[in-house]
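Values in this text are rule-based calculations from the coordinates and carry no lab data. Since the model is a prediction, treat every value here as computed from it, not as a measurement. Glycine also receives a Cβ, built like all others from the backbone with ideal geometry; neighbour counts cover every protein chain displayed.
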Amino acid sequence: MSADDLALRSATHDLYATHSGWLRGWLRKRLDCGSDAADLVQDTFVRVIKARQALEIRQPRQYLSTVAKGLVIDLFRRRALEQSYLEALAALPEDAYPSQETQAIVLETLMEIDRMLDSLGDKVRQTFILAQFEGLSYPKVAERLGISLRTVNNHMAKAMEHCCLIRMGLL
Amino acid sequence: MTPARPPLAPAEREALRSAARWYARLSSGQDAQAERQRWRHWHDADPLHRQAWQQVEAVQQMVEGVPGSIAASALQHSRASRRRVLRQLLVLAGVGTLGWSGWDSEWGRVLRATHRTGTGEQRALVLADGSRLLLDSRSALDVAFDGERRLLRLRSGRVLVQTANDALGRPFLVHSPQGQVRALGTRFTVQTEAQFCEVAVLEKAVEVRPADSDRVQRVEAGQQLRFDRVRLGEPWLSDASVASWRSGSLIAIQRPLGELLDELSRYRHGWLRCDPSIAGLKISGAFPLDDSDRALAALESGFGLRIVRRTDYWVSVLPAQG
């Protein structure tokens, strides 16, 4: 292990020792659930470790709470999506129910898709969902949303470009 | 998390834009054969085009990895439900720029989930499951939902609850210091006082269980019931005035003046009392809650009473002078 690695490791350790306590309290206040809070404290530090940033953090409280805040938002997005997914599944006959593993994978993918589509405008997002997931033809989408065929085409291109950019980490 | 990459060169950006346009054209299914040939031509013409097309294919693969109609419905609903709860923070990108003030006001309230109203304030809330609450003046309530149950803790005051169906089938419970009210798909109010708790059911039914008792009492629509930690009253029929506070007025039908003034006190600061000799006087009428001075004026003129103000915070209602 290099000297740099050692320094990084000890800085991370110090950061955890000093800040995990109040961060847990901070999260608990926002989540109203002790075990979620404990999980997110761990996740927050996992982010710090992965980013190898422990040495460069100037204002640890602000930094850690910003990271934690992002994780809380993710958690709530996930819960909302999970609930919608389960509601959608509930409409299926029992024998069409996917296995737990399949459900987990689908949910993970849905999270990613949801995140990609989230910052798109409503009509663009709707267009993409109707055409891609519901399998509606362009004329049907146009009719449903009250827009022209040409606009459907433009929205589809825009949505795809946007998804690519997000996936590539450019947005 | 995708690591940040250096921005694309203009030619790469342009190639990505064309790839997205090709994707849109091919997905239209129009003139498929000919389009496909034209696309092939474009694709093979430039390595940048092929690179860009790979990105499109990667997104396509992800989209194909989920069952279409279920994904469509989940994605639509998740946005709708987030919008319900987190109206202003819908846009993911907005989170970064909103900064602390946005976080503290909106998210903070939702996530900390402790709600408190001041004197004269009523607040409407929509919970994560879509249930709706109206918290009355001078009330405090915690929302504590988890995987097992949807729990509200009413610390003080009064709340109107309209429950939503829960996909996870979790029971909906309201705890007050006096005991537990379990909703059976319904609209109802719970009010907690120092000595008792009162439940009024507007739709369907609830089950009430005092904190220190095993007895359970079902209360049906149109009924009211009082209980404390040990004792469970008998349900009685509500009159039309029940929960009229939710529309900003207090409707009294043959209600003793003393009770009416207690009720009005919820919405104003200070001390509001009446002479014991007239506490039993029966009053009927509608009184505005957002302006309790007007309510008092209505009592004065309509029922021959006299309002004496020592200060704005010390008001007595006395019989009219003979």
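Can you pull the one-decimal nm distance between simple spin-label points at residue B:316 and residue B:44, each 7 Å off the Cα toward Cβ?
Here the answer is 10.2 nm between the modelled labels.
log10 I(q)/I(0), Debye, Cα-only chain B, no solvent, q = 0.10 Å⁻¹?
Relative scattering, expressed as log10 I(q)/I(0), comes to -0.74.
Evaluate E = 1/(1 + (r/R0)^6) for residue A:5 and residue A:29, where r is the Cβ-Cβ distance and R0 equals 60 Å; express this FRET efficiency to the nearest 0.05.
According to the calculation, E is roughly 0.95.
For chain A, take the longest principal axis of its alpha carbons; what is the angle in degrees between that and the long axis of helix A:3-31, to the nearest 10 within 0 to 90?
The angle comes out near 60 degrees.
Which value at 222 nm does chain A reach when only helices count, each DSSP H run of 4 or more adding -39,500 (n - 2.57), with the total divided by all residues and rounded to the nearest 500 deg cm²/dmol? Kindly include the intermediate steps, with their values, before the conclusion.
Working: 7 runs with 131 residues, N = 171.
Taken over chain A, the calculation gives -26000 deg cm²/dmol.
What's the tally of Lys pairs in chain A whose alpha-carbon atoms lie under 22 angstrom apart, where the two lysines are 8 or more places apart or on different chains?
Going through chain A pair by pair, I get 5.
In degrees, nearest 10, range 0 to 90: what is the angle between the Cα axis of helix A:34-51 and the longest Cα principal axis of chain A?
Here the helix axis deviates by roughly 80 degrees.
Going by a ≥ b ≥ c, the root eigenvalues of the Cα gyration tensor, does the protein assembly as shown fall in the rounded group (a/c under 1.5), the prolate group (a/b larger than b/c) or the oblate group? Please list the in-between numbers first.
Values: a/c = 2.52, a/b = 1.94, b/c = 1.30.
Since a/c reaches 1.5 and a/b is larger than b/c, the shape of the protein assembly as shown is classed as prolate.
Using only the C-alpha atoms of segment B:248-319, find the volume of their convex hull and express it per residue in Å³.
Per residue, the Cα convex hull of segment B:248-319 comes to 70 Å³.
Can you tell me the relative contact order of chain B? Whole percent, Cα pairs under 8 Å, sequence separation 6 or more.
8
Got the relative contact order for segment B:248-319 handy, in percent, Cα pairs under 8 Å and 6 or more residues apart? Present the calculation step by step, with values, prior to reporting the outcome.
Values: 116 pairs, mean separation 25.7, N = 72.
36 percent.
Along the Cα→Cβ direction, 7 angstrom out, place labels at residue B:17 and residue B:215. What is the inter-label distance in nm?
It works out to 7.7 nm between the two label points.
For chain A, what relative contact order do you get, as a whole percent, if you take Cα pairs closer than 8 Å and at least 6 residues apart?
So the answer I get is 15 percent.
Take residue A:108, project a point 7 Å from its Cα along the Cβ direction, then tell me which residues of segment B:56-71 have their backbone nitrogen under 17 Å from it.
It comes to B:59, B:61-67, nothing else.
Calculate for chain B the 222 nm mean residue ellipticity that helices alone would give, adding -39,500 (n - 2.57) per DSSP H run of length 4 or more and normalising by residue count, nearest 500 deg cm²/dmol.
-10000 deg cm²/dmol
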